[in-house]
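Contents: one structure, followed by commentary.
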Amino acid sequence: MKILIVCNNAYMRGNGICTAVLSLVSRLQKVGIEARIMSCANPDLSGKQPEYPLKHFKFPIFEPLIENNGFRYATFNKNTAIEAITWADVVHLHEGFPMEAKVARLARKMGKPCVGTFHMFSENIMANLGLKRDRLLNNIITKWWRNSVYDLCSHVHCPTEVVKEYLRKYNFSAELRTFSNGMDITEAEIKPYTLTVSSITILCIGRFANEKSQTTLIDAMRFSKYADRIQLHFAGKGPRQKRYEKLAKKLMTDGVVKYPPKFGFYDREELKELIKAAYLYIHCAWVEVEGLSCAEAIQEGVVPIIAKGRLTATAQFALDDRSTFPVFDSRALAEKIDWWIEHPEQRIKMGLKYAESIKKYNADDSIRQMVQMYEDSIKQC
């Protein structure tokens, strides 16, 4: 079986869709399925390039913002698309933008089956334009994605039940299948975290962007009884970094925290070491399709505290209410942080349970379901 993976860009570091796409290609190849990518060329000329490269489309006015969010749009090329679709048995679309819409229409004309994965809500885009609460625009975008891309697919992969319910609300006509993007499960070496008089590391991983809402954690320090013992560590990059650094600096100047909050972007191994050193992992995003960065922290035995809301699926990883708080509620987050600091024995006990719970998101299971979806799409074509 030959699978054509289509997305605007597959090679920007710090972008969740890129990570999911490259992981999918690697895992498909491991089970003997040939997969090729059609996307914008890799900006790192020394790095791996897509088999079917497309030119970078620079979006007028908004291009700097798009780049800062770890994204690039590709320009559709009919000849390249015809060559790629001709090669493929199944076309797998990973976004709902104009390039994918043209590919979907061409694939249907050529008699090739299409499937899709729903990786983002329209609110992800609107949040970065400062229009996160504009329901009219969100509705317009989601319906366009549905009509122009996803309704041309036989099946749509929903990484979580939250996504599935969202698409049902918008009456997507394709068959919706729910399974995780999956992660590589390893046996973590979980060591007890000993609280001392020194700092307590609290880690937050994610792109520095509006929808990730890291300000909720920064503000929570003003309500925590233990703020002067907490070392905040933010791992990521993005357009809001300078703003977050400014807010964090004010915590210092106001005497709220004793340890300067840290900000940085790390490779996979560095991130793993940071996770192992953390006492708690905080996930503040108010819009999130899955949030596997949280799952990766949990796998190492780190107890999470996760924002819970209508558009965030990450709360599915929480084992009980001690690990959730309402989106944007800094005071509630501070209360949960304080509780875990006051109950270190529970943190050790639950860390082990969390590490065990994440095994059901095994990538091997996800790939089996993905391959089954491809096979079913071919049968229906």
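Please treat every number below as a calculation from the coordinates, not as lab data. Model, not experiment: these values are computed from the prediction. Heads up, the Cβs are rebuilt from the backbone with ideal geometry, glycines too, and the neighbour counts pull from every protein chain shown.
To the nearest 500 deg cm²/dmol, what mean residue ellipticity at 222 nm is calculated for the chain from DSSP H runs of n ≥ 4 alone, each contributing -39,500 (n - 2.57), summed and divided by the residues?
Values: 14 runs with 154 residues, N = 381.
Helix-only estimate at 222 nm: -12000 deg cm²/dmol.
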task = Indicate the helices, whole DSSP H runs only, in the chain that combine a mean Kyte-Doolittle hydropathy of -1.0 or more with a Cα extent along their long axis of 27 angstrom or more.
result = none
task = Determine the distance separating the Cα centre of the range 63-129 from the Cα centre of the range 145-171; give it in Å without decimals.
result = 15 Å
inquiry  = Give me TRP145, TRP340 sorted ascending by neighbouring Cβ count inside 10 Å, so fewest comes first.
reply    = TRP340, TRP145
Whole-percent pair-distance distribution, where bins are 10 Å wide, for the alpha carbons of the range 1-139 = 11, 42, 34, 12, 1
note = Percent antiparallel among DSSP beta bridges confined to the chain, nearest 5, equals 5 percent
ask   = Once you sort the root eigenvalues of the Cα gyration tensor of the chain as a ≥ b ≥ c, which label holds: rounded (a/c under 1.5), prolate (a/b larger than b/c) or oblate (the other case)?
value = prolate
ask   = Which order do ARG310, ARG177 fall in if you start with the one that has the fewest other Cβ atoms within 10 Å?
value = ARG310, ARG177
query = Based on DSSP, what percent of beta bridges with both residues in the range 200-360 are antiparallel, to the nearest 5?
reply = 5 percent
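Only Lys, Arg, Asp and Glu count, each charged at its Cβ (+1, +1, -1, -1), so figure out the dipole size of the range 200-360 about its Cα centre, rounded to 20 debye. Write out the running numbers ahead of the final one.
Working: 27 positive and 21 negative charges, 82 e Å.
For the range 200-360, the charge dipole is close to 400 debye.
Let me know the shape class of the range 76-175, please: from the alpha-carbon gyration tensor, a ≥ b ≥ c as square roots of the eigenvalues, rounded when a/c is under 1.5, otherwise prolate if a/b is greater than b/c, or oblate. Can you show the working numbers first?
Working: a/c = 2.45, a/b = 1.67, b/c = 1.47.
Because a/c hits 1.5 or more and a/b exceeds b/c, the range 76-175 counts as prolate.
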message = Springs between alpha-carbon pairs under 10 angstrom, Gaussian network model over the chain: which of HIS155, HIS233, HIS343 fluctuates most?
response = HIS343
task = With 20 Å as the limit, write out which pairs from LYS58/LYS102; LYS225/LYS246; LYS258/LYS308; LYS78/LYS112 have Cα-Cα distances beyond it, or answer none.
result = LYS225/LYS246; LYS258/LYS308
message = Cross-link candidates for LYS2: which aspartates and glutamates have Cα within less than 12 Å, leaving aside residues fewer than 8 places away along the same chain?
response = GLU34, ASP89, GLU375
task = Please build a GNM for the chain, connecting alpha carbons under 10 Å apart, and tell me which residue among TYR354, TYR11, TYR259 fluctuates the most.
result = TYR259
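List CYS294, CYS40 from most exposed to least, where exposure is judged by having the fewest other Cβ atoms within 10 Å.
Details: CYS294 26, CYS40 23.
Ranked by crowding around the Cβ, least crowded first: CYS40, CYS294.
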